[in-house]
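Working notes for the structure below.
The values are calculated or read from the model by the stated rules, or taken from the named source; none is laboratory data. Source: prediction; values computed, not measured. Note that we place each Cβ from the backbone using ideal geometry, even for glycine, and neighbour counts take in every protein chain shown. To get the accessible areas, we keep the full protein, side chains included, count just its heavy atoms, and leave off ligands, DNA and RNA. Shrake-Rupley method; radii C 1.70, N 1.55, O 1.52, S 1.80 Å.
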Amino acid sequence: LIDDGSTDDSARRARAAIGEDPRFQVISQDNRGLSGARNAGLDLAQGEYIAFLDSDDRFAPQFLEHMLRALTGSGADWVACGIQFCFPDGASTRHSAIHGRAAQHSSGRVTRFDLSDWGQAIRHFPSAWNKLYRRSLIEGLRFPEGTWFEDHGFFYRAAARTDHIVHLAEPLYLQTRGRAGQITGRDDDRVFEQFDVLEDMRALMQGHHSGGP
């Protein structure tokens, strides 16, 4: 768990929750933003599998169990799952995290999706957080720090290393929406940073076919 320069009681509460459990540790650092927090975790990761959980989101209790089963059963390098968007009033909506297949989120089916061209890859949400990766797939990949839309480059660079992704039709990632101060809901000129990200993605896509160099 990365304490990215928190100014509230988060770090103390995290340590109290962990107690003496040796499976967990809290790493405190000066604030580097979401990318810096993820990169700190990647630098220390030693396991065979990696998943990202953002600070205001939750995994369903069965997230790791079901995602790992789908990953190992398919032999894929990564697996994505459906999403449950959770709002402050208690309402929620579900999405498959695949454009054009929004409603296919709860069957429990494991489906292999081809990534042999970028037209197939861009159908999938370019998010880091609703996925489980073999560490070998993302070895050496890091998130750009100091910018928004940091997931996009990470996702597409991972897609360039493999020819498919597996999808589990189960809404196992619970994303908080509508929280005050949330980056995704902020009215900010930094939204224009997405143009730089798109230029970067164009260069990547022109230089590589999805599924390998």
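At-a-glance table
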| item | result |
| --- | --- |
| Fluctuation leader among 16, 37, 80 - the chain, Gaussian network, Cα springs under 10 angstrom | 16 |
| Nearest-0.05 FRET efficiency for residue 191 and residue 45, computed from C-beta distance (R0 25 Å) | 0.20 |
| Most fluctuating residue given options 17, 45, 60, as computed from a GNM of the chain linking Cα atoms under 10 Å | 17 |
| Net +/- balance of residues flanking residue 94 in space, Cβ distance below 13 Å, scoring K and R +1, D and E -1 | +1 |
| Most mobile listed residue (135, 177, 190) in the chain, GNM with C-alpha springs under 10 Å | 190 |
| Inter-label distance for residue 59 and residue 20, nm, one decimal - labels placed 7 Å from Cα along Cα-to-Cβ | 2.5 |
| Potential lengthening between residue 104 and residue 137 on full extension [0.36 nm per residue; Cα-Cα distance subtracted] | 9.3 nm |
| For the chain, calculated [θ]222 nm from helices alone, where every DSSP H run of n ≥ 4 adds -39500 (n - 2.57) | -9000 deg cm²/dmol |
| Accessible-area value, residue 111, 1.4 Å probe, nucleic acids and ligands omitted, Å² | 50 |
| Rounded to the nearest 20 debye, dipole of the chain from Cβ charges on Lys, Arg, Asp, Glu | 720 |
| Carbon + sulfur, % of accessible area of the stretch 125-183 - ligands and nucleic acids excluded, 1.4 Å | 52 |
| Residue-level accessible surface for residue 49, protein heavy atoms, 1.4 Å, Å² | 70 |
| Accessible area per residue in Å² at 1.4 Å probe, computed on the stretch 42-125 | 55 |
| Shape category assigned to the stretch 73-181 from the gyration tensor of Cα positions, a/c cut at 1.5 | oblate |
| Residues whose placed amide H lies under 5 Å from that of residue 164, excluding near-sequence neighbours | 115 |
| DSSP beta bridge pairing in the chain, given as percent antiparallel to the nearest 5 | 65 |
